[in-house]
Amino acid sequence: MKIVIVGAGRIGTRTAQRVARLLCKKDTLKIIDRDTVTEDSLAACPLFSKKDIGHGKAQTTAKAITSAATFKTKTKPAISWKHEHLNHANAGQLLSGATLVLDCTDNWQARETINEHGLDARLPWVYAGALDSHAMTSVILPGKTACFACWASRPKTTTSCSAIGVDEKAVVKAAKKQASQAAALIAGQTPSLAGKLWHYEAKTGKTHTRILEKTPNCTVCGKGKTLLKENKPIVCCGTGEWLFLNKTKNKRKLATATLLKKLKPLGAQLLGNAVKISRENASALVFPAGRTMVRARTERVAAALNKLIVRRL
């Protein structure tokens with residue numbers, strides 16, 4: 001089996017630990033995440049420590065799992081990582097050869113990318129999410145079950161997990177349920193949540209499962225099929241965080257030293273494999289490919305800082 005986990009945050013780190021134990025030497029596990037470890041990450045992800053701040057979440061997760069005492073050397077699968085933002089342009093490359101994808105992302109666009117690529121490649125995937133005291137999990141089997149877009153329409157506004165919080169019980173439940181569904185697929189069995197949505201409420205401890213029906217005019221798997229456009233900033237699961245998919249002038253990754261030099265006039269400082277810019281009303285992390293994560297009070301302020309950055313890339 002070639003398993004790909006997209007997202008190494010609250011749920012992703014926990015799912016990765018559980019799934020790694022299910023695999024053997026002939027299997028592979030790839031972890032993909034676009035973000036770096038910050039102070040805020042430490043409380044949310046017990047797998048991270050202070051020494052990891054500034055390093056990529058995917059790399060840190062892979063390293064922590066392979067170095068764990070419970071991870072037997074003789075039977076462990078090959079674990080790799082990619083510090084990338086999954087999108088339509090690179091999905092074919094990043095998910096190439098995968099037999100199962102586990103979605104632990106924090107934004108609609110990434111999930112829709114997995115959904116569309118999964119449909120084209122007939123690639124099964126397991127969705128998991130948690131917000132406030134709620135946890136949800138579902139298994140999408142392309143061509144057999146309803147796709148993600150059939151029941152999860154693009155949200156008009158994004159509710160931030162950093163703003164309202166996430167109950168740890170909900171996170172743990174989501175990861176456990178996702179790993180259990182993955183275990184069934186790895187064993188060649190039909191998972192219990194294929195074509196169904198499981199919901200857990202941490203405050204009451206109650207669970208509910210509903211059947212998901214295909215939508216005839218679905219924009220992905222139905223007659224109303226359209227292509228998702230990623231031409232706007234992506235609202236992330238953080239307090240006032242926006243992701244801008246910028247490109248460098250030659251559309252190639254810049255060396256970190258070169259990136260730092262270009263952005264030095266903006267007060268740039270090196271932070272792990274990224275460059276950090278701090279302003280009075282906003283801050284940004286700029287990665288070698290030009291991708292930029294901006295934290296600000298409003299999208300307008302975030303866009304203004306990003307514009308200054310793009311001019312120098």
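The values are calculated or read from the model by the stated rules, or taken from the named source; none is laboratory data. This structure is a prediction, so every number in the text was calculated from the model and none was measured. Cβ atoms come from the backbone with ideal geometry, glycine included; neighbour counts cover every protein chain shown.
Test residue 138 against the criterion of being polar (S, T, N, Q), assigned to a loop (DSSP other than H, G, I, E, B) and modelled with pLDDT of 90 or more, and give yes or no.
In short, no.
Any chance the range 300-310 includes a residue that's surrounded by 15 or more Cβ atoms within 10 Å (Cβ to Cβ) and among the charged types (D, E, K, R)?
no
Could you go through the range 87-99 and let me know if any residue there is crowded, with 22+ Cβ neighbours inside 10 Å, within 28 Å of residue 165 (Cα to Cα) and either touching a Gly at 6+ places or on another chain (Cβ under 8 Å) or not acidic (Asp, Glu) (or both).
Taking every residue of the range 87-99 in turn, none turns out to be crowded, with 22+ Cβ neighbours inside 10 Å, within 28 Å of residue 165 (Cα to Cα) and either touching a Gly at 6+ places or on another chain (Cβ under 8 Å) or not acidic (Asp, Glu) (or both).
Hey, any hits in the range 14-28 for a residue that's among the β-branched types (Val, Ile, Thr) and more than 17 Å from the chain's Cα centre (by Cα)?
yes
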